[in-house]
Each structure stands twice: as C-alpha cells, then as structure tokens.
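Worksheet: one structure, shown below.
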Amino acid sequence: MLVSNLPQHVDIVIVGGGPVGALLAQRLLKSGHDALLVDAKHSVGNDPRALAIAYASQQSLAASGLWDESLAATPIERVHVSQAGTLGRTELNAAELDLPMLGSVVKYQKLAQYAFDQMVAGDVRLALGMKVTQIQRLARFAQITLESDTGTQKISCRLVILADGGHLIAQLTDIKQTVKSYAQHAVLATLTPKQPHKGIAFERFADDGPLALLPTGNDFTLVWTQTPEQATARLTLSDDGFIAEVEQRFADRVSGFSAVTGRASWPLALKTLNSVVGQRVVLIGNAAQTLHPVAGQGLNLGLRDAATLADVLAATPARELGEAASLARYAKLRARDAGLVTAVTDSLITLFDSSSLPLKHARSLGLLAMDQCSWLRRGFAERMVYGAR
Ligand SMILES: Cc1cc2nc3c(=O)[nH]c(=O)nc-3n(C[C@H](O)[C@H](O)[C@H](O)COP(=O)(O)OP(=O)(O)OC[C@H]3O[C@@H](n4cnc5c(N)ncnc54)[C@H](O)[C@@H]3O)c2cc1C
C-alpha cells in the first residue's frame, strides 16, 4: 500500500524494494512490526538480466505472494556442465533430488515489477520515488534523509535495513567493503536455439572464460564472461559473427542458434563486507555481498538473507529492534551460507580462468569424478538449490 504522507518515525526502514527488500517486507507483515519500505524508483525500468532462481527460493517467494505463474518462468530440469577441449562433463538433474525442477529462469524486470505491484496492492507500507541520500546513526536511533520530486524529508527509526544493492555502503563508517575487480564483463544476449532446449541449462568452461545458457521461454539467455575489450568488440559483431563465436565455444553440446537479440554488457566484481551489521543497520542481498554471476547464486543468497532476517526480527520485541544483540544473532546465522557460497563462486572463477594444462586436466577429472559419483553430484546440486545449511 502506498503511503501518501510519510511518518516522522517508524521502527524499521527497509531501503530498496528489489526482490530481496520486497521478500523481507512481505515476511515482516506477519510479525506486526512497524515497518516502511522506500525505493528510489516508481517502477522497475528495463533490465537485461535473466535470473536462475533455485527451487527453494521460488518456494520462499511463493509463500510470501511474490511468485506465481503470471511470471511465465521457465523450469530448469537439468544443468549440463562441461569444459571445452576435454572429456570433463557432468549433469545435475531435478529427479536426482526428487524435485519437480532444479529451479526456474525469470527476467529480473518481471520479477522485480511483480514484487512492486504486489506490495502496492497489499499491506506493505511503501514509499516509491524516494531516494535515501543520507543515513545518520546514534546509539538509540537512526535518521534517514529522503529526496523526491516534492522535496527532502527525514524519518527516524530504530533499525535501517539496506537492501539497496550496495549504493549507500560508503556512508557507513563502521563497515568496510572490499572490492575485488575481476577485470571481466558479462555479455548478455538472447539466443534462439535451432532445436527446443527441453529445460536444459548449460554451463560451459571455455578456454577464454565461462559461458552459461539459461532456458528462457523458447530462447536461451546467454551470460558470457570475458575481458572488457572482448565484450566491446563482441557487442558490435554482426549477428552471424556473434552466433558463430558462441557456437564454436559450445562445439556439439548445443544444436546451434538461428537468431540473437538484446546484446548488453555488465562489469563484474566481487564485493564483500567485514560485517553485515553495524550500529542500527543491517545489510542484505547485494548490499551485503555482490557475486560473480557464473553460478547464478547472488539473488538466491540474498533471498535467504531476507528470510533469516525476517525470522530474527519476528522474535525481537519492538523496543529491542536495532540493538546489537539481535543484529549479532542475525550475522551469526548467515555467516556460514554467505561465506561458503561466496567462496565457491569466487573459486570457480579463479580455478576455471586459468589456461594452465595441468589445471585443465585436474578440472576435467573433477567434472568426471562428479559425473561418476552420485552423492558428490547430489551434494553439489543440493547446495545450489538450498544453500549451505
Ligand atoms: C548478469 C547478471 C546475471 C545474474 N544472474 C543471476 C542468477 O542467475 N541467479 C541469481 O540468483 N542471481 C543472479 N544475479 C545476481 C542478482 O541480479 C542480484 O543478486 C539481485 O538482483 C540482488 O537483489 P537486491 O534486491 O539485493 O538488489 P537490487 O535488485 O539491486 O535492488 C536494489 C533496489 O534498491 C533501490 N535503491 C538503490 N539505492 C537506493 C536509495 N539510495 N534509496 C532508495 N532506494 C534505492 C533500487 O531502486 C532497487 O530497486 C545476476 C547478476 C548479474 C549482474
């Protein structure tokens, strides 16, 4: 529900109504806490990302009214992983985990706009078109400054939750962010396959960088990691030239493509924090950790942040919101999953980015071992679907 007049005080302010902030706001409704969500935008603009959402994340969104068939998500039944130039390959499949699907692919724009619409139609108190420009924190409360077309306003609160994708982190002097640039861009594109994709996603480790193909409607969304210079060159290639380069890297793993549209490029970096909590503040989703998209885990991890924080806050009396003890409880609960998924994603890049021959053979053996060993494969797939529990 949109608020027409901003209050002077609320107990909890959530900054950012992306999928992570939205899930938290929806789940907090049950706790009865006095909360307000603010987002700088009025509606979600164009965004080229297609997101692989794990089955467990899908269930979590659905339980909070943020997922239904109107999203037209495409089920992923199998994930085929292979390395170019070697025999190394394996396949993860939903049947092995007794699930109807490993996950689904949905366009970011659709998912985020659906979340906005559900919040507007529902009970979440929402202020759109309000950009937070300043956060001030004292021992007993915090104050945020909001700017909109109609001017500047201030709101005091007990707790600020940043689900803003990481834009306001520089204002938090008690939290340090580390940025590791991969000196890589992701080239995104929509590719029409010559044969139906049958719900199979592909992860291909080519000599010059990993490529992922996510089944999206009747097409694939390509996420192709490469140097910024290669990305610039490939955005200007002819359609046929671009398709030929992708086909060459997939060899005979896919049947080929008849068309490419919507090419875009995205700079990649790993951003982590020394702490996801500080004085009267918690950071979740991309504000807490921004990962390389190679394993499609960023949003899945962020949704688990939101679910855990909602549970911790539901068990916290209003007068204790924002106090160090409950924030520390949250940070402790999230440390293992966030640490493990971040480390695995980062090491995939480091490990598969080297063209050294011994390392290439070791990677190939690793994939073959996983292919032969069902418990290893199941363990890996379970972590992709549920996170580290
Ligand atoms: C190419 C690519 C592919 C990816 N693929 C996958 C995938 O397959 N699977 C997966 O799990 N993840 C994937 N990710 C990661 C995923 O996109 C992010 O993890 C996810 O979008 C983070 O959601 P969020 O809600 O934390 O932040 P965001 O989606 O960034 O939302 C932040 C919100 O905060 C608002 N905001 C920002 N600043 C302010 C402010 N000052 N005041 C008020 N509001 C503000 C914004 O308007 C926005 O609505 C991918 C990322 C990329 C780049």
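The values are calculated or read from the model by the stated rules, or taken from the named source; none is laboratory data. A quick note: this is a predicted structure, and the numbers were derived from the prediction, not measured. FYI the Cβ positions are ideal-geometry reconstructions off the backbone, even for glycines, and counts take in every protein chain you see. Quick note on the areas: whole protein, heavy atoms, side chains included, nothing else; ligands and nucleic acids left out. Shrake-Rupley method; radii C 1.70, N 1.55, O 1.52, S 1.80 Å.
A few remarks follow.
- Residues of the stretch 250-281 classified as touching a helix residue (DSSP H, G or I) at 6+ places or on another chain (Cβ under 6 Å) and either at negative phi or assigned by TED's automatic domain parsing to the domain that holds ASP337 (or both), total: 7
- Count of the stretch 111-126 residues which are open to solvent by 40 Å² or more (accessible area, probe 1.4 Å) and in a loop (DSSP other than H, G, I, E, B): 2
- Residue in the stretch 23-42 that is nearest to the chain's Cα centre (by Cα), counting only those that are under 20 Å from PRO317 (Cβ atoms) and within 16 Å of the ligand (Cβ to nearest atom): LEU24
- Residue count, the stretch 196-208 (criterion: under 27 Å from ALA73 (Cβ atoms) and not in a loop (DSSP other than H, G, I, E, B)): 6
- Qualifying residue in the stretch 127-138 (condition: free of Cβ contacts under 8 Å to residues at least 12 places away in the same chain and open to solvent by 20 Å² or more (accessible area, probe 1.4 Å)): yes
- Any hit, the stretch 87-99, residues being closer than 18 Å to SER60 by Cα, within 16 Å of the ligand (Cβ to nearest atom) and in contact (Cβ under 8 Å) with a residue 12 or more places away in the chain: no
- Qualifying residue in the stretch 250-262 (condition: open to solvent by 40 Å² or more (accessible area, probe 1.4 Å), more than 29 Å from LEU102 (Cα to Cα), free of Cβ contacts under 8 Å to residues at least 12 places away in the same chain and out of contact with any strand residue (DSSP E or B) (no Cβ under 9 Å at 6 or more places or on another chain)): no
- Filter pass, TYR108 being more than 10 Å from the ligand (Cβ to nearest atom) and either closer than 30 Å to ALA264 by Cα or open to solvent by less than 30 Å² (accessible area, probe 1.4 Å) (or both): no
- Tally of residues being away from the ligand (no atom under 15 Å from the Cβ), under 14 Å from VAL120 (Cα atoms) and in contact (Cβ under 8 Å) with a residue 12 or more places away in the chain across the stretch 3-22: 0
- Any hit, the stretch 356-376, residues being among the hydroxyl-bearing types (Ser, Thr, Tyr) and surrounded by 20 or more Cβ atoms within 10 Å (Cβ to Cβ): no
- Answer residue from the stretch 45-82, given it is within 11 Å of the ligand (Cβ to nearest atom) and over 16 Å from the mean Cα position of the chain (by Cα) and is least open to solvent (accessible area, probe 1.4 Å) among those: ILE76
Here is a yes/no grid of residues against (1) surrounded by 21 or more Cβ atoms within 10 Å (Cβ to Cβ); (2) of a type outside the set (Gly, Ala, Ser):
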| position | (1), (2) |
| --- | --- |
| SER148 | no, no |
| LYS154 | no, yes |
| ALA163 | yes, no |
| ALA170 | no, no |
| THR173 | no, yes |
| SER181 | no, no |
| ALA189 | yes, no |
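- Members of the stretch 192-238 that are polar (S, T, N, Q), open to solvent by less than 20 Å² (accessible area, probe 1.4 Å) and more than 19 Å from the chain's Cα centre (by Cα): GLN226
- The residues of the stretch 83-100 that are open to solvent by less than 40 Å² (accessible area, probe 1.4 Å) and in a loop (DSSP other than H, G, I, E, B), listed by number, are ALA84, THR86, GLY88, LEU99.
- Condition check for THR261: among the β-branched types (Val, Ile, Thr) and under 19 Å from the mean Cα position of the chain (by Cα): no
- Screening MET370 against (1) within 13 Å of the ligand (Cβ to nearest atom); (2) in the same structural domain as ASN93 (by TED's automatic domain parsing); (3) part of a helix (DSSP H, G or I) leaves a single unmet condition, (1).
- Test for LEU333: is it more than 16 Å from the ligand (Cβ to nearest atom) and over 21 Å from THR225 (Cβ atoms): yes
- Residue in the stretch 141-160 that is within 15 Å of the ligand (Cβ to nearest atom) and under 27 Å from ILE349 (Cβ atoms) present: no
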